[in-house]
1. Which of the residues spanning the stretch 38-68 are among the charged types (D, E, K, R) and within 30 Å of Ile169 (Cβ to Cβ)?
2. Cβ-Cβ distance below 6 Å, separation of 6 or more or different chains: which pairs start in the stretch 67-78 with a residue that is part of a loop (DSSP other than H, G, I, E, B) and end on one that is of a type in the set (Lys, Arg) and at pLDDT 95 or above?
3. Does at least one position in the stretch 124-133 carry a residue that is under 22 Å from Ala32 (Cβ atoms) and not in a helix (DSSP H, G or I)?
4. For the stretch 73-96, check the following and say yes or no: at least one residue is out of contact with any Leu (no Cβ under 8 Å at 6 or more places or on another chain) and among the basic types (Lys, Arg).
5. Go through the stretch 191-225 and report how many residues are within 19 Å of the chain's Cα centre (by Cα) and among the hydrophobic types (A, V, I, L, M, F, W, C).
6. Go through Ile169, Ile133, Ile120, Ile93 for me and flag whichever is over 19 Å from the mean Cα position of the chain (by Cα) and of a type in the set (A, V, I, L, M).
7. When you look at Glu146, is it touching a residue at least 40 places away in the same chain (Cβ under 8 Å), under 26 Å from His55 (Cβ atoms), among the acidic types (Asp, Glu) and part of a helix (DSSP H, G or I), yes or no?
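The values are calculated or read from the model by the stated rules, or taken from the named source; none is laboratory data. Worth saying up front: this structure is predicted, and the values here are computed from it rather than measured. Using ideal geometry, Cβ is built from the backbone for each residue, glycine included, and neighbour counts are taken over all protein chains shown.
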Amino acid sequence: MAELFVVVFGVYLGFMANNYSEELKQQAYIDATIKEMYHSLEEDIRDAEMNKLGHEYGKNAVKYFFKAVKGQLVTIDSFDIYHSTLTRNFVSIQNTSPFETIRSRGFNSISNDSLRRQMIKLYDFQYEVLEKIEEKYQESQLYTNESHHINEILDNSLVFNEKGKLQKINIPLDISKEDRSRLILILKRIYNTRMFNISVYDEVIGDMKKLRENLAIVYPFVMKK
């Protein structure tokens, strides 16, 4: 009887040790994923801030062309830069693989409820919003929607030399009253779209930074190299 007890107890201990070993492996995997999320968020924040800056440049371009519409002199040397940034679109790139790994393992692997909610909000909702406003929201497709109209309206006001370099911008612009109104409405539409996109980026970038800070608080090991 004692021998049987020893055998059963030995099997039980082996089973428990095996389970404990598996749990350690699972936790180590989750920890590595959390660390990857912490560092990838740094890249995501940088990319989002670059896109936001691009929209800021787009706002400045609108102001440049509004000056021309109002009959104010504008610098010729700045035309190419402002013309290219006026309707430029951007691509939203974020790394969601750490979050997908955690989702596949089960959200109960993140014991902190607040942190779990932050992750789900950012990766499941806000990243999708960024992708939509940059790539799927029709109003944001400024190059497709507006660039050809702007070029058509400005055509008679731009003087190029034989090498294709801009030599002169006719001020006041050589456009009809109807085209002036049309151009003003286009510029306002671009400005409002840029402002909306910037406001979205402000919120999402703020939440990215907050999640990253909280990851460092709850899991201090993520800051170790």
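1. So the first thing to find is which residues in the stretch 38-68 are among the charged types (D, E, K, R), and the list is 42-44, 46-47, 49, 52, 56, 59, 63, 67.
If the condition is that a residue be among the charged types (D, E, K, R) and within 30 Å of Ile169 (Cβ to Cβ), then Lys52, Glu56, Lys59, Lys63, Lys67 are the ones that fit.
2. Listed by first residue and then by second, the contacts come to Val74/Lys67.
3. Residues of the stretch 124-133 under 22 Å from Ala32 (Cβ atoms): 124, 127.
Of the ones still in play, those that are also not in a helix (DSSP H, G or I) are none.
No, because not a single residue in the stretch 124-133 is under 22 Å from Ala32 (Cβ atoms) and not in a helix (DSSP H, G or I).
4. For the stretch 73-96, residues out of contact with any Leu (no Cβ under 8 Å at 6 or more places or on another chain) and among the basic types (Lys, Arg): absent.
5. Number of matching residues: 8.
6. Ile169
7. Details: touching a residue at least 40 places away in the same chain (Cβ under 8 Å): yes; under 26 Å from His55 (Cβ atoms): yes; among the acidic types (Asp, Glu): yes; part of a helix (DSSP H, G or I): yes.
So Glu146 passes the test.
Every residue, every condition in (1) at pLDDT below 95; (2) among the small types (Gly, Ala, Ser), yes or no:
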residue: Gln138; (1), (2): yes, no
residue: Leu142; (1), (2): no, no
residue: Ile153; (1), (2): no, no
residue: Lys163; (1), (2): yes, no
residue: Ile175; (1), (2): no, no
residue: Leu183; (1), (2): no, no
residue: Tyr191; (1), (2): no, no
residue: Ser199; (1), (2): no, yes
